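Peer 1: For reference, the structure I am asking about is given below.
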Amino acid sequence: MMLAIHQAMLYLHILLGTVALIIFWVPIAVRKGGSSHVWFGRVYVWSMYLVATSGILMSVMVLSHPAYFKAELLQRATSVPAMLQQIYYFWSMLLFLSLLTFVSVRQAMLVLKHKRNTAVFRRWSYLWMPASLFLGGASLISMAILSDDRMILHYIFGGIGLVSGIQMSHFAYVKEAAPKRWLAEHISSTIGSGIAVYTAFFAFGARHWFNFLGDWQLLAWLVPGIVGTFVIFWATNRYVAAPVRR
């Protein structure tokens, strides 16, 4: 029964993830604040909520009972302890990316709603998000340090978790937010969620396509972050830093 539930969530995760991958670019391309921006934005947000939630649930299920959910891998493994460790590292990364996706989308929607009212972000109903990203990032880095394997992605996304957690906390406790700080947060968080879902796609969903690249396949997993950073810079410069036209 639990395997069937896990499989059903996987199909839902893939389906909605594909929708989110495609729709992600529409709100960026269309007129901001227009009906298309709002409608496609809502579809993207709810798709991402479900993608992130299903990813979190599946990750927790596998990490809590790998011998049940990944029995085939363990049966084929030459070393069961080594395979268990790989499963733990792999699904811990997926858990963090799912968490990062959920928090990024939630942050984008909250700042859009409350804008400069930063008092809202000092409540525990919000503070758990930067705290979870910071602790999750620290956990990934700890795994990489303690492991004998090269875990470059754990270092990279662990660092992103630390920085994101600190940045979100700073926004919550800033004494007086700049007029367009909320817009910068909305843009960076929305695009950040896209970076997370595209990275998850390349690093997990499409990883078999890049096996022929060997160690160079890491580049395919880093491309979403590189492209996303440039998009954040471009969008922030255009909609936040640009002077208001009179």
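For (1) at pLDDT 65 or above; (2) more than 26 Å from residue 113 (Cβ to Cβ); (3) open to solvent by 80 Å² or more (accessible area, probe 1.4 Å), each residue gets a yes or a no:
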| position | (1), (2), (3) |
| --- | --- |
| 188 | yes, no, no |
| 199 | yes, yes, no |
| 206 | no, yes, no |
| 232 | yes, no, no |
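Peer 1: Only one residue in 84, 10, 63 is in contact with a Pro (Cβ under 8 Å, 6 or more places away or on another chain) and over 25 Å from residue 108 (Cα atoms). Which one?
Peer 2: So the residue among 84, 10, 63 that is in contact with a Pro (Cβ under 8 Å, 6 or more places away or on another chain) and over 25 Å from residue 108 (Cα atoms) is 84.
Peer 1: Only one of these is touching a residue at least 24 places away in the same chain (Cβ under 8 Å), within 18 Å of residue 132 (Cα to Cα) and over 17 Å from the mean Cα position of the chain (by Cα): 63, 57, 100. Name it.
Peer 2: Being touching a residue at least 24 places away in the same chain (Cβ under 8 Å), within 18 Å of residue 132 (Cα to Cα) and over 17 Å from the mean Cα position of the chain (by Cα) holds for just one of 63, 57, 100, which is 63.
Peer 1: Which helices (runs of 4 or more DSSP H) does region 1-80 wholly contain that include 3 or more residues that are among the aliphatic types (A, V, I, L, M) and under 30 Å from residue 232 (Cβ atoms)?
Peer 2: Passing ranges, in order: 2-23, 25-29, 35-64.
Peer 1: Looking at residue 105, is it within 30 Å of residue 235 (Cα to Cα), part of a helix (DSSP H, G or I), touching a Leu at 6+ places or on another chain (Cβ under 6 Å) and touching a residue at least 40 places away in the same chain (Cβ under 8 Å)?
Peer 2: The answer is no for residue 105.
Peer 1: Here's something else I'd like to know. Output the number of residues of region 86-111 satisfying the condition of being surrounded by fewer than 18 Cβ atoms within 10 Å (Cβ to Cβ) and under 13 Å from residue 193 (Cβ atoms).
Peer 2: 1
Peer 1: Is there any pair linking a residue in region 27-41 that is more than 18 Å from residue 113 (Cα to Cα) and open to solvent by 70 Å² or more (accessible area, probe 1.4 Å) to one that is part of a loop (DSSP other than H, G, I, E, B) and of a type in the set (Phe, Trp, Tyr), with Cβ under 8 Å and at least six apart or on different chains, and which?
Peer 2: none
Peer 1: Name the residues in region 116-131 that are farther than 10 Å from residue 171 by Cα and β-branched (Val, Ile, Thr), would you?
Peer 2: Answer for region 116-131, where residues must be farther than 10 Å from residue 171 by Cα and β-branched (Val, Ile, Thr): just 120.
The values are calculated or read from the model by the stated rules, or taken from the named source; none is laboratory data. Nothing here was measured: the structure is a model prediction, and the numbers come from that model. Don't worry about glycine lacking a Cβ; one is built from the backbone with ideal geometry, like all the others, and counts go over all protein chains shown. Only protein heavy atoms, including side chains, enter the accessible area calculation; ligands, DNA and RNA are left aside. Shrake-Rupley method; radii C 1.70, N 1.55, O 1.52, S 1.80 Å.
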